[in-house]
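J.: Below are the structure tokens for one structure; questions will follow.
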Amino acid sequence: MFRKKLTFKILLFLILSDILETFIQFCFKKSTLPATGFGVTNLTNALAFMKIVLASPFLWLGICTVLVIFVIWSTILSKIDLSVAVPVASFSYILVPVCSIVFLKETISPLRWAGIFFILSGIILTSLSSKEKINES
């Protein structure tokens, strides 16, 4: 089976993908901030909430960024295996909380940081096991 190698160019695309994924989450969060007081418990409230969110330029910027990331991710997947791409592109698990702290003034509890650490540890172990599998073949 042909193994596709992770090149520096693809690594840069993966980093860009993580940065854009973080930006998308930031935009979606910002689009909901004007509607934070709404309890979406009935159709009228849901429609009012959607009207506020759909009017946000952040929502549309996030959606446009999703289209860009689709092209980047498709390019990445045409060059390397999915089992390599996903673990390498998982740094948004760190970038999103950092962005939340810096730009949204959110706080991240030590327990949540521990969870993020364990998720990343699992990603690293998974990535290492896929390298081990490649070396055995």
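The values are calculated or read from the model by the stated rules, or taken from the named source; none is laboratory data. This structure is a prediction, so every number in the text was calculated from the model and none was measured. Positions of Cβ are backbone-derived with ideal geometry, glycine not excepted, and every protein chain shown enters the neighbour counts.
J.: Within the range 108-117, identify whether any single residue is part of a helix (DSSP H, G or I) and buried (at least 17 other Cβ atoms within 10 Å of the Cβ), and answer yes or no. Before you say what the answer is, go through the steps one by one.
T.: Going residue by residue through the range 108-117, those that are part of a helix (DSSP H, G or I) are 110-117.
After this cut, where a residue has to be buried (at least 17 other Cβ atoms within 10 Å of the Cβ) as well, the list is none.
No, that holds for no residue.
J.: Another one. Considering Ser56, Ser83, Ser78, which residue is of a type in the set (Ser, Thr, Tyr), modelled with pLDDT of 95 or more and either out of contact with any strand residue (DSSP E or B) (no Cβ under 8 Å at 6 or more places or on another chain) or closer than 23 Å to Val102 by Cβ (or both)?
T.: Ser56
J.: Taking the range 87-106 as the search range and keeping residues that are β-branched (Val, Ile, Thr) and crowded, with 16+ Cβ neighbours inside 10 Å, which one is nearest to Leu128 (Cα to Cα)?
T.: Val88
J.: A further question on this structure: Which pairs have Cβ atoms under 7 Å, sit 6 or more apart or on different chains, and link a residue in the range 89-100 that is on the phi < 0 side of the Ramachandran plot and of a type in the set (Phe, Trp, Tyr) to one that is part of a helix (DSSP H, G or I) and surrounded by fewer than 18 Cβ atoms within 10 Å (Cβ to Cβ)?
T.: Close Cβ pairs (under 7 Å, with a partner that is part of a helix (DSSP H, G or I) and surrounded by fewer than 18 Cβ atoms within 10 Å (Cβ to Cβ)) amount to Tyr93/Ile116; Tyr93/Ile119; Tyr93/Leu120.
J.: Quick test of your reading of the structure: Ser17 fulfils all but one of (1) over 18 Å from Val98 (Cα atoms); (2) crowded, with 17+ Cβ neighbours inside 10 Å; (3) among the small types (Gly, Ala, Ser). Name the failing condition by number.
T.: (1)
J.: Could you please let me know if Gly39 is modelled with pLDDT under 95 and either in contact with a His (Cβ under 7 Å, 6 or more places away or on another chain) or farther than 26 Å from Phe8 by Cα (or both)?
T.: Details: modelled with pLDDT under 95: yes; either in contact with a His (Cβ under 7 Å, 6 or more places away or on another chain) or farther than 26 Å from Phe8 by Cα (or both): yes.
So Gly39 fits the description; yes.
J.: Looking at (1) modelled with pLDDT of 90 or more; (2) under 23 Å from the mean Cα position of the chain (by Cα), which is the only condition Thr7 fails?
T.: (1)
Condition check ((1) under 24 Å from the mean Cα position of the chain (by Cα); (2) small (Gly, Ala, Ser)) across all residues:
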{"position": "Leu16", "(1), (2)": "yes, no"}
{"position": "Glu21", "(1), (2)": "yes, no"}
{"position": "Phe26", "(1), (2)": "yes, no"}
{"position": "Lys30", "(1), (2)": "yes, no"}
{"position": "Leu33", "(1), (2)": "yes, no"}
{"position": "Phe38", "(1), (2)": "no, no"}
{"position": "Leu43", "(1), (2)": "no, no"}
{"position": "Ala48", "(1), (2)": "no, yes"}
{"position": "Lys51", "(1), (2)": "no, no"}
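J.: Turning to a different aspect of this structure: Could you tell me which residue of the range 79-91 is nearest to Ile119 (Cα to Cα), considering only residues that are touching a Lys or Arg at 6+ places or on another chain (Cβ under 9 Å) and not aliphatic (A, V, I, L, M)?
T.: Ser83
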